[in-house]
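Below: one structure, written as structure tokens.
Readers should treat all values here as calculations from the given coordinates under stated rules, not as data from a laboratory. A quick note: this is a predicted structure, and the numbers were derived from the prediction, not measured. Ideal geometry is used to build each Cβ from the backbone, glycine not excepted, and the neighbour counts take in all protein chains shown.
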């Protein structure tokens, strides 16, 4: 059945299957694989669906004796059951193998961030949407045209691609809490692919200076591409390890630290590797301490991790080594899943992971005691 598909679809599904295999064998992460792909939003949707239901899809593939290439089989089965590949014979076969179990369905909502100078709220007029408490970030959850029966996510990708940035609500939080004012000097310590860099640029209305560092050369190219597409000015991008930047070379007001982490808040079928977590924690402590050595007014620290080792423990160690800094209380309204953490004075936020709905995320805001 797969052989009957056109060449373009075959290529797409094979790419998806290869990514699924790499993620499920801990060779890569969803976040890492998505960056750099053309039509990344299309890939994200299908990957999210398959990873969410992978164990059931694998069972269906086995029971129906469908494909030896299990990841590819799971991709095709998912597309047949979702109606994206039309084949009544195989759909009946897969439904029989599925039995009474149900596929989990991603909530059909999408968070978008308006891009200053490119998009406005009126561009959202065909949709049902609501403002969030983050500036220029909106939740889209339906269509004003009640007769429209397509996916909200797919429609937004099709019609607003390039006008808005599709970005999870959680990942918009660090810049929201940092809240740099116009004319500030900001460092983005690990900047690629550029979501936080561009959000920071918008937060300052383009008035200020941003130094964006990225150690990896390929990811640095993505960063350059995004800032060029957003027509950002006053941004200096360096393909350099932030840990090698002299703390006396830049007089920064604010620093964004969103370092490499386990990704446990976004991974499906995640298995904790304690040795890897220890190594990551050491790196995270190093980069946060280095950021504080620049003596900025504030540093926002975030990870898409569910582990205390990569969140609370890193912050507590940084505070112990940098007595001139304290935590500034941050909070969100109206959602019980956004929790302040008791063991560091209710001043940081840990967002609970909920597959298909929200990512696990940690945010802390450190400020200089003198406030200057």
Note: the chain, point scatterers on Cα, Debye, no solvent; log10 I/I(0) at q = 0.06, 0.11 Å⁻¹ equals -0.25, -0.82
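Report the Rg/Rh value for the range 1-140, based on alpha-carbon coordinates and the Kirkwood definition of Rh. Present the calculation step by step, with values, prior to reporting the outcome.
Working: Rg = 17.7 Å, Rh = 17.0 Å.
Taking Rg over the Kirkwood Rh, I get 1.04.
For residue 69 and residue 107 in the same chain, what is the full-extension length gain: residue separation times 0.36 nm, less their Cα-Cα distance, in nm?
Contour length minus the Cα-Cα distance gives 10.8 nm.
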Ranked output for segments 265-273, 172-180 by mean other Cβ atoms within 10 Å, highest leading, reads 172-180, 265-273
Within the set 171, 151, 305, GNM on the chain using Cα springs under 10 Å gives the largest fluctuation to 151
If N is the residue count of the range 170-368, its Cα Rg over 2.2 N^0.38 Å rounds to 0.97
For the range 99-202, shape from the Cα gyration tensor axes a ≥ b ≥ c, cut at a/c of 1.5 then a/b versus b/c, turns out prolate
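Run lengths n ≥ 4 of DSSP H only: what is the helix-derived mean residue ellipticity at 222 nm for the chain, with -39500 (n - 2.57) per run over all residues, to the nearest 500? Write down the numbers at each step before the final one.
Numbers: 12 runs with 135 residues, N = 372.
Computed mean residue ellipticity for the chain: -11000 deg cm²/dmol.
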Extension length gain for residue 122 and residue 324 (0.36 nm per residue less Cα distance), in nm, is 68.2 nm
Longest principal axis of the chain (C-alpha) makes with the long axis of helix 312-321 (C-alpha) an angle, in degrees to the nearest 10, of 20 degrees
Here, residue 3 and residue 84, labelled 7 Å along Cα→Cβ, have an inter-label distance in nm of 2.4 nm
Highest GNM mean-square fluctuation among 222, 37, 52, for the chain with Cα springs under 10 Å, belongs to 37
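If you average over every viewing direction, what projected area does the convex hull of the Cα atoms of the range 145-227 give, in nm²? All intermediate terms of the calculation are to be shown ahead of the outcome.
Values: hull surface 27.7 nm².
For the Cα atoms of the range 145-227, the hull's average projected area reads 6.9 nm².
Stretch residue 131-residue 243 to full length: gain in nm at 0.36 nm per residue minus the Cα-Cα span?
36.6 nm
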By the Cα gyration tensor axes a ≥ b ≥ c (a/c under 1.5 gives rounded; else a/b larger than b/c gives prolate, otherwise oblate), the shape of the range 208-312 is oblate
Longest principal axis of the chain (C-alpha) makes with the long axis of helix 54-63 (C-alpha) an angle, in degrees to the nearest 10, of 20 degrees
Row for the range 110-166, column shape: gyration tensor on C-alpha, a ≥ b ≥ c, rounded if a/c < 1.5 i.e. under 1.5, prolate if a/b over b/c, else oblate; value prolate
On the formula 1/(1 + (r/R0)^6), with r taken between the Cβ atoms of residue 26 and residue 146 and R0 of 45 Å, the FRET efficiency rounded to 0.05 is 0.50
In degrees, nearest 10, the alpha-carbon axis of helix 217-229 is tilted away from the dominant principal axis of the alpha carbons of the chain by 90 degrees
Mean-square fluctuation maximum in Gaussian network of the chain, Cα pairs under 10 Å, restricted to 54, 325, 127, hits 127
